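The values are calculated or read from the model by the stated rules, or taken from the named source; none is laboratory data. As the structure is a prediction and not an experimental result, all values here were calculated from the model. Here Cβ is always computed from backbone atoms with ideal geometry, including for glycine, and neighbour counts include all displayed protein chains.
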Amino acid sequence: MKPAFPHTVQHFVILALFPLATPCLRPADAHTHSHSKVHAVLQSAQTSKPAGDAWAHTLLERGHADEAMAELQKNLAAHPQDAEAHNLLCRTYYSEQRWPEAINECQRAVELQPDESEFHTWLGRSYGEAAEHASWFTALGLARKVHAEFEDAVRLAPHSAAALSDLGEYAVEAPGFLGGGLDKAESIAEQLQPIDAEAYHAQMARIARKRKDPQSQERELKLAIAQSAAPAHAWMQLASFEAWRGDYAAMEQAIRSGAASDPLHDSALMDGASILIRHQYDPEMAKKLLQMYITSQHTTEESPVFAAETMLGNLLRQQGDLSGAEKEFAAAHALANLYKDGH
């Protein structure tokens, strides 16, 4: 689940960010960082790799944006009407924070296959990120497009927790004249309740935060943890809440609990590291969390490996480890040489 936390007014789209007694952090030297482990997995998979789009998706999940892009462009040269390939290319650009290119490809995917909910979701997210980086006037027009795409995504897949969550966060964050409002947000929460309990409580936490009701927000965040079979991301949302109200000991406890509940070392670890770095708290823990995620076999496109490497490089540079920082920056560049949020 995504953070139920304050955004700027323009930020209508969910950011792919997500116990003290249970040490689960690897040693600091766990991340040797030649990508040898990941390359070995990819090379092994490639011997029986799925054709075309599926292989490109695997590359994208592994953070190999440049290779994914090359594969998709090759596929599209042979099959220009392949809507899934256009969608995946959109998501590859999205992972590199190249919003105009992402919008172009997602628009093409929607044109080719307008009844696919997920394509509308990604187009809406791309519009939302473009709005976040646009002038206020331009952002207003883009916000209307975000709303329209998220509405279409829910219309086409009314039982999709992901589509409902995106629309629900939009309803919380956007003003009424742009299609938002807490009445709509509550209606979406009601739709989520029988579908996904964790998503329901996350939505209720957003509503409580908007109402400036931190007690209810905390209660809903803890209920999201209790209702989740894999609560690592929900723990990181609680950690973000604790940091916001200045309880850094509780923030640390939530991050450690989230890491301990994440045996696969997925993107929740990057969320935790991001919180620690943002609040300048325990850089060593942040470094370990990033190293664990980067060497994991469960990386995701929403939290790209090259973004984690860049984050780690910046942290190492702040600590005076210039050699280590350059290795991380080089590793990130090797995966996505046009990543917009580089060092």
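Restricting region 174-186 to residues that are in contact with a helix residue (DSSP H, G or I) (Cβ under 8 Å, 6 or more places away or on another chain) and either buried (at least 23 other Cβ atoms within 10 Å of the Cβ) or of a type outside the set (D, E, K, R) (or both) leaves a set whose member that is farthest from E220 (Cα to Cα) is L178. Just so you know, in region 130-154 the residues that are touching a His at 6+ places or on another chain (Cβ under 9 Å) and among the charged types (D, E, K, R) include one that is surrounded by the most Cβ atoms within 10 Å (Cβ to Cβ), and it is E149. Residues in region 274-288 that are in a helix (DSSP H, G or I), of a type outside the set (K, R) and out of contact with any Leu (no Cβ under 7 Å at 6 or more places or on another chain): I275, L276, E284. Looking at region 283-301, which of its residues are in contact with an Asp or Glu (Cβ under 7 Å, 6 or more places away or on another chain) and among the acidic types (D, E)? Passing the criteria: only E301. Pull up region 155-173, narrow it to residues that are buried (at least 23 other Cβ atoms within 10 Å of the Cβ) and of a type in the set (A, V, I, L, M), then point me to the one that is farthest from P114 (Cα to Cα). Among those residues, the one meeting the criterion is V172. Of all residues in region 52-92, those satisfying the criterion of being among the small types (G, A, S), buried (at least 23 other Cβ atoms within 10 Å of the Cβ) and part of a helix (DSSP H, G or I) are A56, A65, A68, A85.
Taken together, the residues in region 181-226 that are of a type outside the set (A, V, I, L, M) and assigned to a loop (DSSP other than H, G, I, E, B) amount to 7. Suppose the filter is of a type outside the set (V, I, T) and at positive phi; does G313 pass it? Criteria not met by G313.
Here L264 meets each of (1) closer than 27 Å to A331 by Cβ; (2) not in a loop (DSSP other than H, G, I, E, B); (3) not β-branched (V, I, T) with one exception, condition (2).
One line per residue, one yes/no per condition, for (1) touching a Phe, Trp or Tyr at 6+ places or on another chain (Cβ under 8 Å); (2) among the hydrophobic types (A, V, I, L, M, F, W, C); (3) modelled with pLDDT of 95 or more:
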residue	(1), (2), (3)
L276	no, yes, yes
P283	no, no, yes
Q291	no, no, yes
I294	no, yes, yes
T299	yes, no, yes
S303	yes, no, yes
F306	yes, yes, yes
E309	yes, no, yes
A331	yes, yes, yes
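Yes/no matrix, rows are residues, columns are (1) over 17 Å from E301 (Cβ atoms); (2) at pLDDT 95 or above; (3) within 17 Å of the chain's Cα centre (by Cα); (4) of a type in the set (D, E):
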residue	(1), (2), (3), (4)
E61	no, yes, yes, yes
A70	no, yes, no, no
A78	yes, yes, no, no
H86	no, yes, no, no
N104	yes, yes, no, no
Q107	yes, yes, no, no
V110	yes, yes, no, no
P114	yes, yes, no, no
G124	no, yes, yes, no
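Residues in region 315-336 that are part of a loop (DSSP other than H, G, I, E, B) and not small (G, A, S): Q319, D321.
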